Amino acid sequence: MTHNDNGPRRPGQVKEITSLANPIIKDIKALSMKKNREESGTFMAEGLKLVIDALEMGWRIETLMYSKSAKDKPLVEKIAAKTVALGGQVLEVSEKVLSSVTRRDNPQMVVGIFHARWKPLKDIRPQANETWLALDRVRDPGNLGTIIRTADAVGASGVILVGDTTDPFALETVRATMGSVFSLPVTRTSVTDFIKWQKASGTVMIATHLKGAVDYRKPDYRTKPVILLMGNEQAGLPEELADAADIRVRIPQQGRADSLNLAVATGVMLFEARRHLLNLEGH
Ligand code: SAM
């Protein structure tokens with residue numbers, strides 16, 4: 001590790017790193033493992049716009065890394081100064097280092113390490129016109145990222161992860177959210193706690209099930225705040241969760257496919273549940 005001393009382009013307190021063997025880089029690379037993300041409570045997000053948005057939304061940055069060859073250097077340096085002011089560290093690194101930490105041949109030129117945030121279930125008090133998404137044991141990072149992005153786009157209020165799910169702060173998931181991981185609260189909980197919370201939450205819980213007797217377009221999504229409950233990719237919803245729902249709906253299908261992909265089914269459901277609240281002027 002070499003400390004920046006006299007380079008006129010770099011703001012003070014920027015460390016220059018080109019070696020993959022640098023212990024700071026090793027620690028950042030270790031964030032590819034869930035265990036290490038849990039232990040440090042941090043995760044990685046790629047891209048200048050994303051980092052700027054996250055900082056604007058008040059996310060706590062631990063480390064900003066940028067490439068020597070990053071375009072828009074004045075803006076990068078502004079973000080670097082902000083990071084330092086917020087108590088974070090700033091690293092100017094080689095493209096080789098960025099490739100290695102992001103596991104990409106053509107890495108983004110700016111990467112941020114942020115402190116993860118989990119919204120406690122007890123703090124969720126759904127209000128009128130709110131839609132909350134509950135996902136049972138979602139396993140695929142790409143699905144989860146796509147779902148978080150879609151939930152954000154449709155104006156849902158947050159995502160509740162029920163049971164043993166994939167990590168929303170894994171790099172692949174964060175990538176698939178396209179920044180929405182910073183906009184939407186995410187909660188994790190057990191089946192038992194979720195059911196208990198839902199019963200007392202004043203919401204209507206609508207579960208999606210391939211054996212659902214109700215067409216998904218039939219429920220009145222306006223009467224109470226809505227919890228949309230989606231099942232695991234392989235197994236679908238377990239009985240305990242399906243039984244806890246007020247309504248079990250199905251999206252009618254015509255072709256030979258057994259079911260829809262989880263993220264697609266979630267998109268269909270979210271846009272139906274919030275159809276009355278969406279209009280082209282709203283964006
Ligand atoms: N083999 C699983 C089963 O029997 O439920 C398929 C699960 S499907 C790939 C994943 C989830 O997507 C389901 O649990 C459900 O939440 C949702 N889903 C997919 N297609 C659906 C449909 N036609 N109607 C309602 N929900 C659907």
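Taking region 34-53, which residues are over 11 Å from residue 115 (Cα atoms) and in contact (Cβ under 8 Å) with a residue 12 or more places away in the chain? Once the filter is applied, which keeps residues that are over 11 Å from residue 115 (Cα atoms) and in contact (Cβ under 8 Å) with a residue 12 or more places away in the chain, region 34-53 yields 34, 46, 47, 48, 49, 50, 51, 52, 53. Among the residues of region 257-278, those identified as open to solvent by 20 Å² or more (accessible area, probe 1.4 Å) and within 13 Å of the ligand (Cβ to nearest atom) are 257, 258, 259, 260, 261, 264, 268, 272. Residues in region 116-135 that are assigned to a strand (DSSP E or B) and either touching a Gly at 6+ places or on another chain (Cβ under 7 Å) or open to solvent by 10 Å² or more (accessible area, probe 1.4 Å) (or both): 132 only. In region 136-167, which residue that is open to solvent by 20 Å² or more (accessible area, probe 1.4 Å) and among the charged types (D, E, K, R) is nearest to residue 224 (Cα to Cα)? Filtering region 136-167 for residues that are open to solvent by 20 Å² or more (accessible area, probe 1.4 Å) and among the charged types (D, E, K, R), the one nearest to residue 224 (Cα to Cα) comes out as 152.
Taken over region 64-108, residues that are farther than 17 Å from residue 49 by Cα, of a type in the set (D, E, K, R) and either in contact with a Pro (Cβ under 6 Å, 6 or more places away or on another chain) or part of a loop (DSSP other than H, G, I, E, B) (or both) amount to 4. Does at least one position in region 97-115 carry a residue that is open to solvent by less than 50 Å² (accessible area, probe 1.4 Å) and closer than 30 Å to residue 231 by Cα? Looking through region 97-115, at least one residue is open to solvent by less than 50 Å² (accessible area, probe 1.4 Å) and closer than 30 Å to residue 231 by Cα. Just one of the numbered conditions (1) in contact with a Ser or Thr (Cβ under 7 Å, 6 or more places away or on another chain); (2) closer than 28 Å to residue 123 by Cβ; (3) surrounded by fewer than 16 Cβ atoms within 10 Å (Cβ to Cβ) is not true of residue 210: (2).
Among the residues making up region 240-265, a single one is in contact with a strand residue (DSSP E or B) (Cβ under 8 Å, 6 or more places away or on another chain) and more than 15 Å from residue 212 (Cα to Cα): 262. Quick one: would you say residue 44 is within 17 Å of the chain's Cα centre (by Cα), at pLDDT 95 or above and buried (at least 20 other Cβ atoms within 10 Å of the Cβ)? Yes, satisfied.
The values are calculated or read from the model by the stated rules, or taken from the named source; none is laboratory data. Predicted, not measured: the structure shown is a model, and the values here were computed from it. Counting neighbours? That spans all protein chains shown, and the Cβs are built from the backbone with ideal geometry, glycine included. Accessible surface is based on the protein model in full, side chains and every heavy atom, while ligands, DNA and RNA are left aside. Shrake-Rupley method; radii C 1.70, N 1.55, O 1.52, S 1.80 Å.
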